[in-house]
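The block underneath contains the structure these notes are about, expressed in structure tokens.
The values are calculated or read from the model by the stated rules, or taken from the named source; none is laboratory data. It should be emphasised that the depicted structure is a prediction, and the values quoted were computed from it without experimental measurement. No Cβ is skipped: glycine too gets one built from the backbone with ideal geometry, and neighbour counts run over all protein chains shown.
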Amino acid sequence: MAFLTTLDEFDYKPLNNGLVENQGKLVWQDPVTHAVYTVPDGFPSNLMSYPWWSGWLFNKLDNTGRASMLHDYLVDKTIGNSMWRDDQYRAALKADGVNKFKRGIAYTGLRIVSGPSGIKIR
């Protein structure tokens with residue numbers, strides 16, 4: 001798929017403020033343009049923000065982690081516009097085997113929160 005680093009290479013350590021810190025590089029290739037984006041070692045992320053009532057569906061430590069860290073990086077560095085970043089997130093979820101139902105809910109929630117404004121959400 002589009003991650004150029006394996007899932008086994010993805011690691012992070014918890015910080016004391018609800019964030020985690022990337023341990024090693026996370027490399028993603030845009031499936032359309034083939035441009036490569038690298039989340040550097042030491043990048044902090046909250047992995048995923050979601051309302052308390054959706055906790056039954058989402059777990060920050062499941063197969064949504066890499067996509068969430070990638071999205072946080074793209075937002076933090078203001079790479080692309082909001083729609084493009086959210087589309088990269090959806091493609092990354094698919095690349096990591098997140099089922100269509102869960103991808104749809106995560107993507108829809110992200111679009112509602114970030115919208116066309118491209119505001120930073122973390």
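Return a yes/no flag: does the range 48-60 have any residue that is within 20 Å of Tyr107 (Cα to Cα) and at pLDDT 80 or above.
So the first thing to find is which residues in the range 48-60 are within 20 Å of Tyr107 (Cα to Cα), and the list is 48-60.
Next, from what is left, pick out any that are at pLDDT 80 or above: none.
Scanning the range 48-60, I find no residue that is within 20 Å of Tyr107 (Cα to Cα) and at pLDDT 80 or above, so the answer is no.
For the range 1-32, which residues satisfy the criterion of being among the acidic types (Asp, Glu) and over 11 Å from Ala92 (Cβ atoms)? Break it down into steps so the answer makes sense when it comes.
First pass over the range 1-32, keeping only residues among the acidic types (Asp, Glu): 8-9, 11, 21, 30.
Scanning the range 1-32 gives Asp8, Glu9, Asp11, Glu21.
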_Qualifying residue in the range 8-21 (condition: at pLDDT below 95, under 17 Å from Arg103 (Cα atoms) and either of a type outside the set (Val, Ile, Thr) or not in a loop (DSSP other than H, G, I, E, B) (or both))_ = no
*the range 31-47, residues that are modelled with pLDDT of 95 or more, in a loop (DSSP other than H, G, I, E, B) and within 13 Å of the chain's Cα centre (by Cα)*: Phe43
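Name the single residue that is nearest to Leu70 (Cα to Cα) among those in the range 7-22 being touching a Ser or Thr at 6+ places or on another chain (Cβ under 9 Å) and not charged (D, E, K, R).
Going residue by residue through the range 7-22, those that are touching a Ser or Thr at 6+ places or on another chain (Cβ under 9 Å) are 12, 19-22.
Checking which are not charged (D, E, K, R) leaves us with 12, 19-20, 22.
Numbers: Tyr12: 13, Leu19: 14, Val20: 13, Asn22: 10 Å.
Across the range 7-22, the extreme among qualifying residues is Asn22.
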